[in-house]
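Here's the structure we're looking at; comments come further down.
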Amino acid sequence: MFAMAGCSLIEEPSHVYFIGGDRGLVKIGIAKDVRKRLHSLQIGNPAPLKLLASVAGNAALEAHYHRMFADTRVRGEWFRRSAAMTKEINRIAALRPGRHEERRWKAHVALMEEWGVIPVGAVAEILNATRPADLGRA
């Protein structure tokens with residue numbers, strides 16, 4: 001990435017994340033650096049938190065998940081973990097590039113296109129932006 005005076009000419013990909021702990025609460029948010037976000041959330045939280053899942057996405061995908069789990073919202077971006085949320089977290093975690101075949105990841109991205117969460121034709125761009133090394137999982 002080319003950066004000059006704190007400005008990036010190439011936009012870093014954002015990731016929608018699910019961060020939670022043992023108390024059954026999950027934060028659904030968006031960040032460019034999920035590990036840094038986890039660290040900042042942990043500073044103000046007495047209970048240990050961990051990254052449950054993350055997927056490349058934008059504010060529209062984050063809003064989609066907020067609507068999907070609205071009935072379990074506790075406050076702000078914090079939700080009570082439900083069976084449906086656990087299923088979605090597991091689905092996202094199983095789609096991590098490098099762990100499963102690329103065709104499953106493409107199917108996930110195609111679903112995001114179908115939902116209107118990402119622009120049609122963004123598959124190649126998202127696949128290139130979500131290599132494991134880019135996600136800090138190398």
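Only the coordinates and a few stated rules stand behind these numbers; no lab work does. Remember, predicted model here, so these are calculated numbers, not experimental data. Note that we place each Cβ from the backbone using ideal geometry, even for glycine, and neighbour counts take in every protein chain shown.
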Worksheet item: Taking the mean number of other Cβ atoms within 10 Å as a proxy for protection, how do you rank 87-93, 42-48, 27-33 from highest to lowest?
Response: 27-33, 87-93, 42-48
Worksheet entry | Gain on full stretching of the segment that runs from W115 to K36 - 0.36 nm per residue minus C-alpha separation | 25.6 nm
Item to complete: Could you list which residues have their amide H under 5 Å from that of F79, counting only those 5 or more apart in sequence or on another chain, with H placed in the peptide plane?
Response: V26, K27, I28, V74
Worksheet item: Using 0.36 nm per residue, how much length does the chain from H66 to A93 gain when fully extended, once their Cα-Cα distance is taken away?
Response: 7.9 nm
Fill in: Summed residue charge, Cβ within 12 Å of R37's Cβ, Lys/Arg positive, Asp/Glu negative
+2
